[in-house]
Amino acid sequence: IGFSSFSQKKIWNETEKEKTERMAWWTEARFGMFIHWGLYAQPARHEWVKKRERISDKDYQKYFDVFNPDLFNPREWAKKAKAAGMKYAVITTKHHEGFSMFNSDYSDYNITKTPYGKDILKEWVEAFRAEGLGIGFYYSLIDWHHPDFTIDSRHSIKANNKEEYEKLNKNRDMAVYRKYLKNQVKELLSNYGKVDLLWLDFSYPGEFGKGRDDWGSVELLKMVRKLQPKILVNDRLDLKEYAGGWDFTTPEQFKVEKWPEVDGKKVPWETCQTFSGSWGYYRDEHTWKDNKQLLTLLIESVSKGGNVLLNVGPTARGTFDYRADEALEGMGNWMKYNSGSIYSCTQAPDEFVTPDNSLLTYNPKTNRLYVHLLDYPIQNFLMKGMKGKIKYAQFLHDASEIKTGKTHGAWGKEKMKKEDVNLKLPVNKPNVEIPV
Ligand code: JFZ
């Protein structure tokens, strides 16, 4: 069993080896697409707009009444994801606003009742499957629309003190919502064929927060595992100390300093990242990351044993912003030649010292070490302690040989030791740059 403590609460039985095998496709994939799409694409000013601006259900209704993404072409999305080098995708089936992007027997607040009239999720799954991509569902535990979801610190309705919370929640019953949540997840995992990944979001235990008891997390996850035994589940159900309670951890929107550990053991992880700051389409947001930043995030994550889920927030017509297209293309240009240093790769063994201005990734199956030069140096590239460890060195993009040997000039004579190796790089940086 993957967890040492015998007092461990258990959700299901699986050996560490079985877990590793179940997760192998994802661990090898390393790169996926996150898609945040819902009614909030129309106000186009953050997926949290309903809470941020305290918009009432009545005022938010207009977004439901006019939603009609006439240019939605999921096959095109899937092709873009694939061309970018992504191997799986995770879409918001329901975000905090409470709107279902799928046909549901448990709520009319769903896509088939909008002017669009069809089950977007169904079309999306078929298209992404057809391109051979893994299928992931994001489902929000938080719900600002369901009448039984109790008002809390993250709700779009604001309470100022305990009395106000109690008053607002008088007729709300989380037991009813819990049932609803379970029913909808059941629909998601029953009506769309095999689902590879479930991304539940999110827990925030505390006095005016919610956690495992509110969601019925244990029961929910048992059902999930039963319906889709191979599925991968993220770690936001507030089941950290349960065996089988989660498969990978999800640091988001910041740089991951080192491979995350639980009880001194490295755990699978996936960081998610936005292009511009918000997850949903935000028309007036101009803080877009450039391609080099995004690419570095991917390499750096793999160099620490993790995955990247890079987010796109499609417009309300069903298109990607041109800047998202450009970024995906840039990733694709690079991945076309260099994905060998990403897929199936992980953190390099400790014996390898990371040289200055570089990142290392490593493929344990082939024993290849990949050195990512973040800044292209002038001719000498010193690798400490590598003597005897390199059989052959080459560029990845064109498979041309890189010779090793004495450094140019006086520089290396002081710096280079017996046990070091110097890579003799060509003066000119090879033209593998992605457009930035
Ligand atoms: C959540 C959502 O609120 C957000 O809109 C988006 O969907 C994102 C992927 O997930 O945001 C979170 C959730 C958890 C943390 C931070 C932001 N967290 O645990 O630090």
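Nothing in this text is a laboratory measurement; each read-out follows from the coordinates by a stated rule. None of these values were measured; they are calculated from a predicted model. Because the Cβ atoms are built from the backbone with ideal geometry, glycine has one as well, and the counts that use them run over all protein chains shown.
Here are the numbers:
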item: Cα-based convex hull, the chain, per residue volume (Å³, whole number); result: 161 Å³
item: Where GluC sites (Glu not before Pro) fall in DSSP loop in segment 303-369, at most 15 other Cβ within 10 Å; result: GLU351
item: Top of ILE135, ILE11, ILE111 by mean-square fluctuation, Gaussian network on the chain, Cα under 10 Å; result: ILE11
item: Neighbour cut-off at most 13 other Cβ (10 Å), DSSP loop, trypsin sites (Lys or Arg not before Pro), segment 110-187; result: LYS118, LYS158, LYS170
item: Point-charge dipole on Cβ atoms (K/R +1, D/E -1) for the chain, about Cα centre, debye to 20; result: 1080 debye
item: Choice from ASP119, ASP213, ASP350 with maximal GNM fluctuation in the chain (Cα, 10 Å cutoff); result: ASP350
item: Segment 1-107, dipole about Cα centre (Lys/Arg Cβ +1, Asp/Glu Cβ -1), debye to the nearest 20; result: 300 debye
item: Angle between the chain longest axis and helix 120-130 axis [Cα atoms, degrees, rounded to 10]; result: 30 degrees
item: DSSP-loop GluC sites (Glu not before Pro) across segment 158-253, with at most 16 other Cβ within 10 angstrom; result: GLU207, GLU241
item: Percent RCO, i.e. relative contact order, over segment 239-292, from Cα pairs under 8 Å lying at least 6 residues apart; result: 28 percent
item: Neighbourhood charge, 12 Å Cβ-Cβ cut-off, centred on GLY332 and excluding it, Lys, Arg +1 and Asp, Glu -1; result: +1
item: Segment 127-206: equivalent-ellipsoid semi-axes (sqrt of 5 x gyration tensor eigenvalues, Cα, Å); result: 33, 13, 9
item: Rounded to the nearest 20 debye, dipole of segment 358-424 from Cβ charges on Lys, Arg, Asp, Glu; result: 340 debye
item: Selected from MET416, MET33, MET331 as most flexible by GNM, with the chain as the system and alpha-carbon contacts under 10 Å; result: MET416
item: Unsatisfied cross-links (Cα-Cα over 30 Å) in the set LYS194/LYS240; LYS230/LYS365; LYS79/LYS240; LYS80/LYS292; result: LYS79/LYS240
item: Gain on full stretching of the segment that runs from ASP213 to ILE402 - 0.36 nm per residue minus C-alpha separation; result: 62.2 nm
item: Cα centroid separation - segment 173-228 against segment 87-102, whole Å; result: 14 Å
item: Cα long-axis angle, helix 322-338 against the chain (0 to 90 degrees, to the nearest 10); result: 40 degrees
item: Those aspartates and glutamates that a straight Cα-Cα span of less than 16 Å connects to LYS82, excepting residues fewer than 8 apart in one chain; result: GLU28, GLU126, GLU131, ASP325, GLU326, GLU329
item: DSSP beta bridge pairing in the chain, given as percent antiparallel to the nearest 5; result: 35 percent
item: Highest to lowest packing among 387-396, 287-296, scored as the average C-beta count within 10 Å; result: 287-296, 387-396
item: Acute angle (nearest 10 degrees) that the helix 16-29 long axis makes with the longest principal axis of the chain, alpha-carbon atoms; result: 80 degrees
